[in-house]
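The values are calculated or read from the model by the stated rules, or taken from the named source; none is laboratory data. Since this is a predicted model, take the numbers as computed values, not measurements. Neighbour counts are summed over all protein chains in view; Cβ atoms, including those assigned to glycine, are modelled from backbone coordinates with ideal geometry. Note: areas computed on protein heavy atoms with side chains; ligands, DNA, RNA excluded. Shrake-Rupley method; radii C 1.70, N 1.55, O 1.52, S 1.80 Å.
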Amino acid sequence: MSTLYSDLALADTLKRAVADMGYENMTPIQAEAIPVVLTGQDVMGAAQTGTGKTAAFGLPIIEMLMKQADRPANRTCRTLILAPTRELVNQIGENLRSFVKKTPLRINQVVGGASINKQQLQLEKGTDILVATPGRLLDLIARNAISLSKVTYLVLDEADQMLDLGFIHDLRKISKMVPAKRQTLLFSATMPKAIADLAADFLTDP
């Protein structure tokens, strides 16, 4: 199995973005996950923080979004990425922006502790990829600032940390708001029974 980014079935714009960032070889989680995500299958991945998970889910999702001609409708998003902390949301958003530089895709981040009115305005025009903490996302949904009815890709990153921080009820609420027909990816550093239960709720034959 090749571990070179250049051998992936990705658009040239994405390969160039990766090369510009100085990446040549994939990490194990990237080499395992990217080809499977591109097939449209649900994926459950065990990987520590700092192993390049954002590229493992971000690159194939961006590739698939670029192939779909439709733009997101106002106050909707096509991809939802949930992460446990503000720092992580901002880090994922930053990484994804470097991948989409030469594409028309729009990325937004929403986290607690920042102006909710400003975030509401950002979501007005529709978002291709929304990176969010679960609590702030639910606050914005309650204000009708965003609907999850058009989500085709759902990512739960650092799932074990989200459970440790008590987000399980928020995650279950969100799972009822996204379409049943979607691709779901779950990444976690550890795989305790609670994560297996969560995966059973969210994922189809991962």
Report yes if some residue within the stretch 32-45 is free of Cβ contacts under 8 Å to residues at least 12 places away in the same chain and either over 16 Å from residue 156 (Cα atoms) or small (Gly, Ala, Ser) (or both); otherwise report no.
yes
Checked pairs for the stretch 178-202, first within 19 Å of residue 37 (Cβ to Cβ) and touching a residue at least 24 places away in the same chain (Cβ under 8 Å), second part of a helix (DSSP H, G or I) and basic (Lys, Arg), C-beta under 6 Å and 6 or more apart or across chains, list as 187/53
Take residue 168 and decide whether it is open to solvent by less than 30 Å² (accessible area, probe 1.4 Å) and among the aliphatic types (A, V, I, L, M).
no
Boolean, residue 22 is over 19 Å from residue 203 (Cα atoms) and in contact with a helix residue (DSSP H, G or I) (Cβ under 7 Å, 6 or more places away or on another chain)
no
Single unsatisfied condition, residue 18 versus (1) more than 16 Å from the chain's Cα centre (by Cα); (2) open to solvent by 30 Å² or more (accessible area, probe 1.4 Å); (3) among the β-branched types (Val, Ile, Thr):
(2)
Within the stretch 39-51, is even one residue in a helix (DSSP H, G or I), open to solvent by less than 40 Å² (accessible area, probe 1.4 Å) and either touching a Ser or Thr at 6+ places or on another chain (Cβ under 7 Å) or at pLDDT 95 or above (or both)?
no
